[in-house]
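A short worksheet on the structure shown next.
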Amino acid sequence: MFVNQPKPTPSILMWSFSLQRGVYKNFVDTFLTIVKEEGPAELYRGLTPSLIGKVPYAATNYFACDTLRKSYKKILKKDEIENIATLLIGSAAGAISRSATLPLEVALKHM
């Protein structure tokens, strides 16, 4: 049975095309075949897990950046933040958000 065979989705569309030379003629044929046989909704399959991973990262990144900016202004009693400080704050916020959301991303990839 071919029920357990992986279906080509947009995230692996080009990968499928490159591996299955005899099945699809080109990228457009791959796209049209998926839409015709499985419907346009199939093109978005796999989007939900990606969004589940990206939303917490973005939220923690903005939260960390905002918190660090407010703390910087409060501690140094400044209204403006210099370019180097902005760079360091953004880098720290990225590191904090990546560290906070990496376990979720790893868990989603193993699902």
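Might you let me know whether region 88-111 holds any residue that is modelled with pLDDT under 95, under 21 Å from P49 (Cβ atoms), assigned to a loop (DSSP other than H, G, I, E, B) and of a type outside the set (V, I, T)? Yes: region 88-111 contains one or more residues that are modelled with pLDDT under 95, under 21 Å from P49 (Cβ atoms), assigned to a loop (DSSP other than H, G, I, E, B) and of a type outside the set (V, I, T). For region 1-37, a residue qualifies if it is in a helix (DSSP H, G or I), open to solvent by 70 Å² or more (accessible area, probe 1.4 Å) and either at pLDDT 75 or above or not small (G, A, S) (or both), and the qualifying residues are M14, W15, L19, F27, V28, F31, L32, K36, E37.
Just so you know, in region 42-66 the residues that are open to solvent by less than 80 Å² (accessible area, probe 1.4 Å) and more than 22 Å from P103 (Cα to Cα) include one that is modelled with the lowest pLDDT, and it is L43.
Would you check if there is a residue in region 52-62 being in contact with a helix residue (DSSP H, G or I) (Cβ under 7 Å, 6 or more places away or on another chain) and not in a helix (DSSP H, G or I)? No, there is no match, as no residue in region 52-62 is in contact with a helix residue (DSSP H, G or I) (Cβ under 7 Å, 6 or more places away or on another chain) and not in a helix (DSSP H, G or I).
The values are calculated or read from the model by the stated rules, or taken from the named source; none is laboratory data. Because the structure is a prediction, the values reported are computed rather than measured. Cβ: placed from backbone, ideal geometry, glycine included. Neighbour counts: every protein chain shown. Accessible surface areas use protein heavy atoms only, side chains included; no ligands, DNA or RNA. Shrake-Rupley method; radii C 1.70, N 1.55, O 1.52, S 1.80 Å.
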